[in-house]
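These notes are about the structure you will find just below.
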Amino acid sequence: MSLETDNKPTALSATSAAEAEPEIRADVPEEIPQPASEATPLEVSSLAPAPPSGDAPVEAAGESSAPAAEPSAEGAEPSADDASMEGMSELMEQIAAHEETSSEGEFVEGQVVAINDLGVVVDFGAKSEGLIPAQEFADSEGAIPLQPGQKVFIQVLSEHKEHYRLLSYLRARRRKAWESIEKSYHTRVTLTGRVVDRIKGGLVVDVGIRAFLPASQVDVRPIRDLDAWKGQDVQVRVLKMNRKRGNVVVSRRVILEDDLKALREHLLESLAEGAILVGKVKNLTDYGVFVDLGGLDGLLHVTDLSWGRVTKPSEVVQPGQEIEVKVLKFDKEKMRVSLGHKQLLPDPWEGLPTRFPVGSRVHGKVVGVTDYGAFVELEPGVEGLVHISEMSWSKRMKHPSKIVKVGDEVEVVVLDVKPDQRRISLGLKQTQPDPWNALSGKYPVGSTVSGKIRNLTDFGAFVEIEEGIDGLIHVSDISWTQRVKHPGEVFKKGDTVQARVLKIDSANRRLSLGLKQLNDIWSSWFDSHKVNDVVRGKVARSTTFGVFVELAEGIEALCHISEIEDRRSRADRESQPRGSATKSGVQLEVGQEYDFKIIKLDCDQHKIGLSYRGALKQAERNELDQYRSSKSSPTATLGDIFWAKRESSS
């Protein structure tokens with residue numbers, strides 16, 4: 001049976017060699033060109049030796065154009081022709097023996113004898129030497145891959161050249177290659193080949209035959225740069241073959257998958273939570289690292305890489321790096337493995353209260369800034385939070401990014417440590433003097449301060465007198481005379497005002513200010529008046545419980561109804577016209593002036609109590625005293641005074 005194949009490039013067979021084989025991508029090239037030295041049969045007709053010179057052709061041994069003379073029967077010696085015939089017979093016998101040993105088309109093993117310009121001389125048995133023409137090594141880039149003394153598998157041809165039997169190295173190599181390919185196809189044996197070319201859809205691998213390796217079968221994961229595989233030796237397994245058409249499809253992926261399956265089965269036998277394994281970093285993502293444990297990938301989350309802050313996994317590990325990990329969680333049904341690396345490192349939170357006691361001052365580095373504060377790294381793996389409320393003494397909180405930035409070295413005070421929760425609270429403002437502690441000395445009660453209106457509320461206005469110090473002007477402390485319902489009637493946000501310090505509460509961080517106290521008309525009035533003095537005032541307004549009397553500009557006093565009239569029945573009081581107050585039929589009209597007696601003074605509260613009834617009695621008493629002194633009668637009565645007035649008037 002001839003082993004020669006059709007030498008023209010043909011399309012790959014689309015039929016599957018076996019239904020159990022993995023699916024091959026549809027972008028298999030239609031043809032894989034074979035080298036010319038392999039695809040073209042040897043043209044040996046021109047290499048056959050030329051016939052001997054002469055007019056007549058060489059005749060076969062034992063045949064002659066004229067019959068030979070018969071030798072003399074008696075004592076004749078053998079002639080030269082007889083000796084020549086005997087030598088020819090021996091030579092024909094050797095040739096016949098050699099042809100029986102190595103018949104045409106037979107594949108045999110020989111040994112390289114020499115290498116010359118014609119090709120490679122091979123001893124293939126029975127003291128016979130043959131020649132592998134140099135043309136068969138035309139694709140070897142000038143280098144013949146054989147050395148003297150090397151064993152070589154060849155096919156014996158029928159042609160001769162330069163007294164050598166022609167041999168074929170490529171045909172024998174192709175035959176052995178097909179035998180290996182068939183064996184790999186039927187028994188799943190692994191072949192080793194070299195990637196020789198990159199074509200559309202995959203690679204060309206030389207396994208003795210140019211085979212096609214689809215891109216999807218190169219690795220278990222997609223390969224982006226197929227050109228990098230050129231010149232590499234790879235192990236493959238035959239998926240499809242068509243010897244008649246010379247097409248072979250191989251796969252490297254099926255070998256890798258079998259290896260992974262075996263490794264996975266071995267790994268699952270010993271895999272358990274808490275186990276410590278050594279894996280290889282396979283892939284990096286923003287959220288973690290995939291580690292190859294040997295047939296099974298596990299996820300090492302970025303938070304489990306290190307006790308310290310890790311922005312990117314590439315800061316700690318690189319692809320291909322071996323890493324020791326601990327199995328944190330294993331879901332056998334979903335085949336998911338969660339890994340940890342920092343769990344194998346010393347825990348920096350152990351003994352933290354001893355290294356960072358509450359109240360101590362420590363230095364750290366700002367590693368993160370958020371809307372609610374800043375994170376400060378005290379040592380690798382230990383971060384504390386400076387809350388926004390602990391950044392400044394000012395009640396007007398700024399965004400943390402306006403106070404600190406990532407990378408700043410800062411000094412902080414340890415406020416609280418909770419190792420079980422892995423939390424440590426830090427303070428930045430505690431490293432600065434507390435302005436409230438020196439406030440009473442800087443702004444004593446009664447002093448005048450200046451500030452800017454920062455905020456308006458229903459009950460008053462907040463004034464910032466310095467960074468971090470806000471005082472409140474209550475709505476009742478805005479004016480002595482004007483009845484202010486909302487501070488917006490007097491102030492606008494951003495106005496600069498002066499106020500007097502009324503009260504300081506450092507413990508509760510409160511500062512009371514007053515605007516009306518800047519013009520304190522009450523103080524001089526109180527200095528010039530005392531209880532039981534009779535003063536004259538104008539009724540400003542009347543109420544059901546009394547009248548308000550204006551004693552001076554901005555100074556009002558209350559004369560209660562009980563100090564206006566004698567006690568009467570409730571019916572009589574209710575029948576009294578609204579807006580007026582009477583005493584024994586005397587009506588106190590709004591806008592009219594009357595004399596009142598001071599019965600109460602409260603300097604702190606700026607309150608004055610008056611009595612209209614008391615002023616009348618005081619006037620009667622003064623008149624009686626005057627009458628008695630003028631008549632020299634210490635026993636005179638009010639009746640005497642009455643009759644004396646009546647007589648004088650008549």
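Just so you know, all these numbers are worked out from the coordinates, no wet-lab data involved. Just so we're clear, the structure is a prediction, and the values are computed from it rather than from any experiment. Virtual Cβ from ideal backbone geometry, glycine too; neighbours counted across all protein chains shown.
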How long are the semi-axes of the equivalent ellipsoid of segment 261-330, taking √(5λ) for every eigenvalue λ of the Cα gyration tensor, in whole Å from largest down?
22, 13, 9
Cleavage-rule hits (chymotrypsin sites (Phe, Trp or Tyr not before Pro)) in segment 325-427: DSSP loop, at most 16 neighbouring Cβ within 10 angstrom
Tyr372, Trp393
Classify segment 174-263: rounded, prolate or oblate, from the alpha-carbon gyration tensor (a ≥ b ≥ c, eigenvalue square roots; a/c under 1.5 rounded; otherwise prolate if a/b is larger than b/c)?
oblate
Straight-line reach from Lys395: which lysines fall under 16 Å, measuring Cα to Cα and dropping same-chain residues less than 8 apart?
Lys429, Lys452
Where trypsin sites (Lys or Arg not before Pro) fall in DSSP loop in segment 436-496, at most 15 other Cβ within 10 Å:
Arg483, Lys485, Lys492, Lys493
P(r) weight above 14 Å for segment 396-451, C-alpha pairs, percent:
73 percent
Spelling it out for Gly202: with amide H atoms placed in the peptide plane at 1.01 Å from N, the residues 5 or more places away or on another chain with amide H under 5 Å from its amide H are Ala215
Around Gln343, under 15 Å between beta carbons, what's the net of Lys plus Arg minus Asp minus Glu among the other residues?
-1
Name all residues of segment 479-522 having a backbone nitrogen under 14 Å from the label point set 7 Å from the Cα of Thr448 along its Cα→Cβ direction, giving them as ranges.
497-501, 514-521
With a Förster radius of 51 Å, plug the Cβ-Cβ distance of Lys530 and Lys398 into 1/(1 + (r/R0)^6) and report the FRET value to the nearest 0.05.
0.40
State which entries of Lys538/Lys607; Lys183/Lys261; Lys261/Lys334 exceed 20 angstrom in Cα-Cα distance in the structure shown.
Lys183/Lys261
Here FRET efficiency (C-beta to C-beta, Asp331 to Arg188, R₀ 51 Å, nearest 0.05) is 0.95
On a straight-distance basis, which lysines could pair with Lys329 in a cross-link, Cα separation under 16 angstrom, same-chain partners fewer than 8 positions away excluded?
Lys342
Cα centroid separation, segment 115-189 to segment 394-455 (Å)
92 Å
Candidates per chymotrypsin sites (Phe, Trp or Tyr not before Pro) in segment 241-321, loop by DSSP, up to 16 other Cβ within 10 Å
Tyr287
Would you mind checking which residues have amide H under 5 Å from Ser392's amide H? H placed 1.01 Å from N; only 5 or more apart, or other chain.
Lys429
Among Lys597/Lys617; Lys485/Lys600; Lys405/Lys493, the pairs whose Cα-Cα distance exceeds 21 Å are Lys485/Lys600; Lys405/Lys493
Pop the C-beta distance of Asp117 and Arg198 into the FRET formula with R0 = 41 Å and round what comes out to the nearest 0.05.
0.70
For Glu589, net neighbour charge (Lys/Arg +1, Asp/Glu -1) across residues whose Cβ lies under 12 Å away
+1
Give me the net charge for the shell around Lys538: Cβ to Cβ below 14 angstrom, other residues only, Lys and Arg +1, Asp and Glu -1.
-4
